[in-house]
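Visitor: Structure below; questions to follow.
The values are calculated or read from the model by the stated rules, or taken from the named source; none is laboratory data. The model shown is predicted, which means the values in this text are computed figures rather than measured ones. Cβ sites come from the backbone with ideal geometry, for glycine too, and all protein chains shown count toward neighbours. Remember, those area values only see protein heavy atoms, side chains included, never the ligands or the DNA or RNA. Shrake-Rupley method; radii C 1.70, N 1.55, O 1.52, S 1.80 Å.
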Amino acid sequence: MVLGEKVPFFRDLGPYFYPMRFSLAESLRRGELPLWIRQMAAGFPLLADFQSAAFYPPHLAFALFPFFSAVAFVFIFHYAVAASGTYFLCRHWGYPRHLSIVGAILFTFGGVTVSLINLLNHFQSAVWLPWVVLTAERCFRICCWRRFTGFTVVALLQLLAGSPEFYGMSMVLAALAGWRLRAAGESITCMRIAGVLIGGNCIAVGLAMVQIAPTIELFVHSRRSESIPTSEAVDWSLSPYGLFNLFFLDKEVDPTVLSGLRLFFSKRTPFLVSYYLGAASLLGLVFWTACSSPKEKLALLSLVVVSLLLAFGAHTPVYPFLLSQLPALRLVRFPEKYFFITYGILWFMALRGLASFLDTERYRQKKMTGILCAVVALFLVFYVLLMLNTDVIVKFVSDRLNATASYPAVKIAPAVLVSVERQLIVTIGIAVLFFATKTGLARRDLCHVLLALVVFVDLERAHRGYQYLLDPSFIQKGPRVLAAPDADFNRILYYPGGKTLHPDQYAVLGQPTFAQAISLVGANLLPNTGMFHGFEYFQEIDAFSRRPYIEFLRIADRLEPEKLFCLVGALNIKYVVSLRPLSQKGITLVRHDPEYPSWLYKVDRTVPRVYVVGKSRTETDPRRILGRLASLDFDPMREVFVDREVPLGEGNDPYATSRIVRYENQSVVVEASLTAPGVMVLADSFYPGWKAYVNGKETAILRANYFFRGLPLPTGRHRIEFRYEPLSFKIGLIGSIATLLGLVSVGVIAFWRKRQRHAKSVRASLIVQASNAGGSTDRAQQAGARVGTSKQHAAS
C-alpha cells in the first residue's frame, strides 16, 4: 500500500465499501452533506447506513486525495492507530520499550486485525480498542475533566468509525480493565468505573446522534426491525477447529484460485480469515499459565470460555438458547464477531506471560528455562510424529475438508507439514533469543531488537497475503461491457442465475485466478462496481435491506423468467448482466464477450426514469402490486398503483411530456406538461424525508408501484422539484449540537472553577506569607529594643 500503490480487494470491499466511500468522496468534493445517493439501490440514504461512517474525521482524506490514494491512506492510518495505541497502553502498564513494541506488533499485525480489513467499518473500529482501554484506565485512576474528555473523544471516534458491535465489545473490555485495576488493589470504586463508562458513552452517543438518528429511521424501514431467522443469526459461527489457527497457519493464500485461499481443515472461509496471534504468543501463554496466580487464571480463563461459547454460535446449544431468551442478540449476526473479545484477552495473557519470563528472578530462571525447553521439545516431537504418520494428516483433512479432484487431500498434507515446520523454526528462533537474553550470551539490547524483528517477520509473512492487494487501475481504466451510462437514466441488474436475484455470490465459467475474478466483476459492472463510472443499480447490498427490496426478492425469485423481465422493466431496469447465457423472452442480447466471459442483455420493455400516466389504482399490498407489474398484459406506462386514492376521472388518457431538468443526489427538478390530470412517476426510491414542490407549492408524495415516488398533477405545465430534507437528520443534528454545547459549557464551568480555586489558593498563600513577614518585623523590632537596652546597661 505504501510503495506499490495497491489497495486491498477482498469480499465486500469491491462491491460495497469502495462504492460507498466513492459516493462519500463525491459528496465531500461537491461540498454537500452525504445524505442520499441515487446510484445505489434505486436511491439510498447513504448517511443512514451506519457503515458509511459519513462523519468519521479520517474520511476527510477522501476530499483531499485521489480516491484510491485516500483508500490507502485510510488503511495505513488505522494500522498506525492500532500500533501507537497498543504501544502507549503497554507503556502505561509499565512494560519496557522492547516488550511494548512486541505487544504493538502482535495486536496490529495479528490475524483478527488484518482479517478485518475486508470489513472496513469493523477494521476502523477495532483498531481504537487500545486507545479506549488506555484512556479509560487513566480516567479510572484519576477522574478529572481532561481525562474524561479524552476518553469520550476516543469513544466517539470508535463509534463514528462505523461498527456498533466492535464499539460495544471494546467497552466490555474497558470495563474488564477497570475490574483488573480493582483486583490489583487500587482504590477505584465500582461507581467511578460505571460513571466513567456510562457518562462517556452517553456523551459519545449524543454527539453522534447526527448519524444515529437517520440510522434508526433506516432500521425501522428495513428487515432488521423484524426478527431475523435463527439460521441467519448464527451464520458464520466460529468452528472449534478454527482455534488451531491461533498458533498454527491452517490455510494459505493462493492467488491462482478464484477464492484466493486454500483451506486445510474447513469447507468454508470463516468470517475472520485468520486468528493467528504469532508463535511468540504461544510461548507467552505457556509462561502466563506457569506464573500467574490461581485467581487470575480462573478469572481470565473464565472470560475466554464465555466469549468462545458466544463465538461458537451454532456449534454449541448455548448461543441458540441465548437467542431465544434475548432476541436483541439477533441484531449482531455472525457470532464469530465475539472472538474479538477472546482475541483481546489472549493478547493480554500472552503479553503478561512474556513479561513474566523476561523479568523473572534468578531463582526462577531454571524453572522458566525448563518450561521453554519443554515447549520446544514437545513441538519437535509433534513434528516428527506427523512426518512418520502422514496418513493421519490425509485422513484428518479428508474428514474436515471438501477436497476436490484438482486439489485432493494428499496435496494438502505436505502444505500442513510445511506450516508445522515453519512454526517449529520460528518457535526455536524465539526460544534461542529468550535463552540468550536470560543467560547473557548476547547483549540484552541486541536480543530485544532481534525479538521484535522476529515477531514482526513472523506475522508479516503470515498475513501479508491476506490483504489481497491489487492495482486499482482496472476499476478506473479497464474494459467494461458498457463504456458509459446511457443519456436516458436507467439501471443495471446482475442476474446470478441461482435461487435468488440477490447478488451475494457469483460463479464464473472456467478457472480464473483471484485477480482475474476481481477484474471480471469490475468489467461486467456487477453491483456496485459501476458506480465509479456513473452507472446505477436496483439491487441492494447493505446491512439494512429495506422492506421493498426484500418483498421484491420474495416475489421475483419465484417468477418465470419472462414475467421477471416484465417486472424489472417496470422498475426502470434496462440492462441485465449475466455470467452465463440466457435464452428467455423479454430480453435481447446486446453483447457477448468470451474473454471474461459475460453476456449483456437489454430488457425489451423498460419504463423511463420519469413519466406520466392517466390511470391510478389504490393498492398497498406489495405482493399484489409486484404480481401485477410482472403480468404480460400490464402496461406500466398507462396505469400506476398508489397508496391512496387520486381522483383523475374516468377514461382519462392525457397526452403528457416530462423531462428531468436537474438531477442531483438530494434534489431533482422535472418539467411536465399534461393535457389532462395524471400521476407523474419518478422511478426513485420512496423514502421518508423526500418533499415535493409543484410550481413552488409543497405537495404530498404518493407511493407509486410500491417502490417509487408519485405526484398527482393537474392539467397544464408544471415545474416539480423533489428535495431530500429528512427530519431524522435535523433531529440528530439538534441532538449533537445540544450535546456539544452542554459538553463545552461544562468544560468552561470546570475550567472557571479550577481558576477560581487556584486564585483562592494563591490569595491564601499570599496572606500567609504577608502574616509571616509581619510577624518577622515585630520580632526584629523587639529584638532591636532588647539590644538597645543591653547597650544602655553596659554603658552604665
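Visitor: Tell me, which residue of the stretch 90-138 that is aromatic (F, W, Y) and open to solvent by less than 20 Å² (accessible area, probe 1.4 Å) is nearest to L283 (Cα to Cα)?
Guide: The extreme case among them is F107.
Visitor: Sticking with this structure for a sec: Residue by residue through the stretch 299-314, note down the ones that are open to solvent by 40 Å² or more (accessible area, probe 1.4 Å) and among the hydroxyl-bearing types (S, T, Y).
Guide: S302
Visitor: Something else now. Among (1) open to solvent by less than 40 Å² (accessible area, probe 1.4 Å); (2) more than 38 Å from the chain's Cα centre (by Cα), where does G353 come up short?
Guide: Checking G353 against (1) open to solvent by less than 40 Å² (accessible area, probe 1.4 Å); (2) more than 38 Å from the chain's Cα centre (by Cα), the one that fails is (2).
Visitor: What are the residue pairs meeting all of these: first residue in the stretch 224-246, first residue farther than 21 Å from Q325 by Cβ, second residue of a type in the set (S, T, N, Q), Cβ atoms under 9 Å, and 6 or more apart or on different chains?
Guide: Final answer for the pair search is S239/S266; P240/T316; Y241/S266; G242/S266; N245/S274; L246/S281.
Visitor: Same structure again: What single numbered condition from (1) open to solvent by less than 10 Å² (accessible area, probe 1.4 Å); (2) touching a residue at least 60 places away in the same chain (Cβ under 8 Å); (3) more than 22 Å from F340 (Cβ to Cβ) fails to hold for A183?
Guide: Going through (1) open to solvent by less than 10 Å² (accessible area, probe 1.4 Å); (2) touching a residue at least 60 places away in the same chain (Cβ under 8 Å); (3) more than 22 Å from F340 (Cβ to Cβ) one by one, A183 breaks only (1).
Visitor: Looking at (1) of a type in the set (A, V, I, L, M, F, W, C); (2) open to solvent by 60 Å² or more (accessible area, probe 1.4 Å); (3) modelled with pLDDT of 90 or more, can you tell me which one A452 breaks?
Guide: Going through (1) of a type in the set (A, V, I, L, M, F, W, C); (2) open to solvent by 60 Å² or more (accessible area, probe 1.4 Å); (3) modelled with pLDDT of 90 or more one by one, A452 breaks only (2).
Visitor: If we keep just the residues of the stretch 246-292 that are among the polar types (S, T, N, Q) and at pLDDT below 90, which is most open to solvent (accessible area, probe 1.4 Å)?
Guide: Here the answer is T256.
Visitor: Would you please list the contacts, defined by Cβ atoms under 7 Å and residues six or more apart or on different chains, that run from a residue in the stretch 478-502 that is under 17 Å from M40 (Cα atoms) and free of Cβ contacts under 8 Å to residues at least 12 places away in the same chain to a residue that is part of a loop (DSSP other than H, G, I, E, B) and open to solvent by less than 40 Å² (accessible area, probe 1.4 Å)?
Guide: From the stretch 478-502, no pairs qualify.
Visitor: Being assigned to a helix (DSSP H, G or I), more than 30 Å from L243 (Cβ to Cβ), in contact with a Pro (Cβ under 7 Å, 6 or more places away or on another chain) and among the aromatic types (F, W, Y) is true for just one of F73, F62, F77, F140. Which residue is that?
Guide: F77
Visitor: Could you check how many residues of the stretch 463-477 are polar (S, T, N, Q) and touching a residue at least 12 places away in the same chain (Cβ under 8 Å)?
Guide: 2
Visitor: Among the residues of the stretch 680-693, is there at least one that is outside any strand (DSSP E or B) and polar (S, T, N, Q)?
Guide: no
Visitor: Let me ask something additional. Against the condition at positive phi and out of contact with any strand residue (DSSP E or B) (no Cβ under 8 Å at 6 or more places or on another chain), how does E5 come out, does it pass?
Guide: In short, yes.
Visitor: Filtering the stretch 609-663 down to residues that are in contact (Cβ under 8 Å) with a residue 40 or more places away in the chain, part of a loop (DSSP other than H, G, I, E, B) and in contact with a helix residue (DSSP H, G or I) (Cβ under 9 Å, 6 or more places away or on another chain), which residue is farthest from I701 (Cα to Cα)?
Guide: L632
Visitor: Looking at this structure, is P214 open to solvent by 20 Å² or more (accessible area, probe 1.4 Å) and either closer than 25 Å to I541 by Cβ or within 25 Å of the chain's Cα centre (by Cα) (or both)?
Guide: When the stated conditions are applied, P214 does not pass them.
Visitor: Scan (1) charged (D, E, K, R); (2) open to solvent by less than 90 Å² (accessible area, probe 1.4 Å); (3) out of contact with any Leu (no Cβ under 9 Å at 6 or more places or on another chain) for the single condition R763 breaks and write down its number.
Guide: (2)
Visitor: Looking at the stretch 692-723, which of its residues are free of Cβ contacts under 8 Å to residues at least 40 places away in the same chain and polar (S, T, N, Q)?
Guide: N695, T699
Visitor: Just for the stretch 19-78: of the residues that are of a type in the set (S, T, N, Q) and more than 19 Å from the chain's Cα centre (by Cα), which one is surrounded by the fewest Cβ atoms within 10 Å (Cβ to Cβ)?
Guide: Here the residue is S69.
Visitor: So, restricting to helices (runs of 4 or more DSSP H) that lie completely within the stretch 277-366, which ones have at least 2 residues that are within 30 Å of L451 (Cα to Cα) and touching a residue at least 12 places away in the same chain (Cβ under 8 Å)?
Guide: 279-291, 294-312, 339-358
Visitor: Determine if the stretch 778-788 includes at least one residue that is open to solvent by 90 Å² or more (accessible area, probe 1.4 Å) and modelled with pLDDT of 90 or more.
Guide: Looking for residues that are open to solvent by 90 Å² or more (accessible area, probe 1.4 Å) and modelled with pLDDT of 90 or more, one finds none in the stretch 778-788, hence no.
Visitor: In the stretch 584-608, which residues are of a type in the set (A, V, I, L, M), in contact with a Phe, Trp or Tyr (Cβ under 7 Å, 6 or more places away or on another chain) and touching a residue at least 24 places away in the same chain (Cβ under 8 Å)?
Guide: L600, V603
Visitor: Can you pull out every residue in the stretch 456-502 that is part of a loop (DSSP other than H, G, I, E, B) and basic (K, R)?
Guide: R480, K499
Visitor: Consider G534 carefully, then state whether it is on the phi > 0 side of the Ramachandran plot and open to solvent by 40 Å² or more (accessible area, probe 1.4 Å).
Guide: no
The rows are residues; the columns are (1) small (G, A, S); (2) crowded, with 19+ Cβ neighbours inside 10 Å; (3) out of contact with any Ser or Thr (no Cβ under 6 Å at 6 or more places or on another chain); (4) touching a residue at least 24 places away in the same chain (Cβ under 8 Å).
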position	(1), (2), (3), (4)
E551	no, no, yes, yes
L564	no, yes, yes, yes
A570	yes, yes, yes, yes
L582	no, no, yes, yes
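Visitor: Next up: Please tell me if G614 is over 23 Å from A42 (Cβ atoms) and open to solvent by less than 40 Å² (accessible area, probe 1.4 Å).
Guide: Criteria met by G614.
Visitor: Now for a different question. Being loosely packed, with under 15 Cβ neighbours inside 10 Å, more than 26 Å from E32 (Cβ to Cβ) and among the aliphatic types (A, V, I, L, M), is that true of even one residue in the stretch 722-744?
Guide: yes
Visitor: If A82 satisfies every condition in (1) of a type in the set (A, V, I, L, M, F, W, C); (2) buried (at least 22 other Cβ atoms within 10 Å of the Cβ); (3) more than 28 Å from F22 (Cα to Cα) but one, which is the exception?
Guide: Going through (1) of a type in the set (A, V, I, L, M, F, W, C); (2) buried (at least 22 other Cβ atoms within 10 Å of the Cβ); (3) more than 28 Å from F22 (Cα to Cα) one by one, A82 breaks only (3).
Visitor: A follow-up question, please. What number goes with the only condition from (1) polar (S, T, N, Q); (2) touching a Ser or Thr at 6+ places or on another chain (Cβ under 8 Å); (3) closer than 26 Å to Y549 by Cβ that S27 does not pass?
Guide: (2)
Visitor: May I pose another question? How about the stretch 143-173: which of its residues are part of a loop (DSSP other than H, G, I, E, B), in contact (Cβ under 8 Å) with a residue 24 or more places away in the chain and farther than 29 Å from R330 by Cβ?
Guide: C143
Visitor: L589 passes all but one of (1) among the aliphatic types (A, V, I, L, M); (2) in a helix (DSSP H, G or I); (3) at pLDDT 90 or above; which number fails?
Guide: Of the numbered conditions (1) among the aliphatic types (A, V, I, L, M); (2) in a helix (DSSP H, G or I); (3) at pLDDT 90 or above, the odd one out for L589 is (2).
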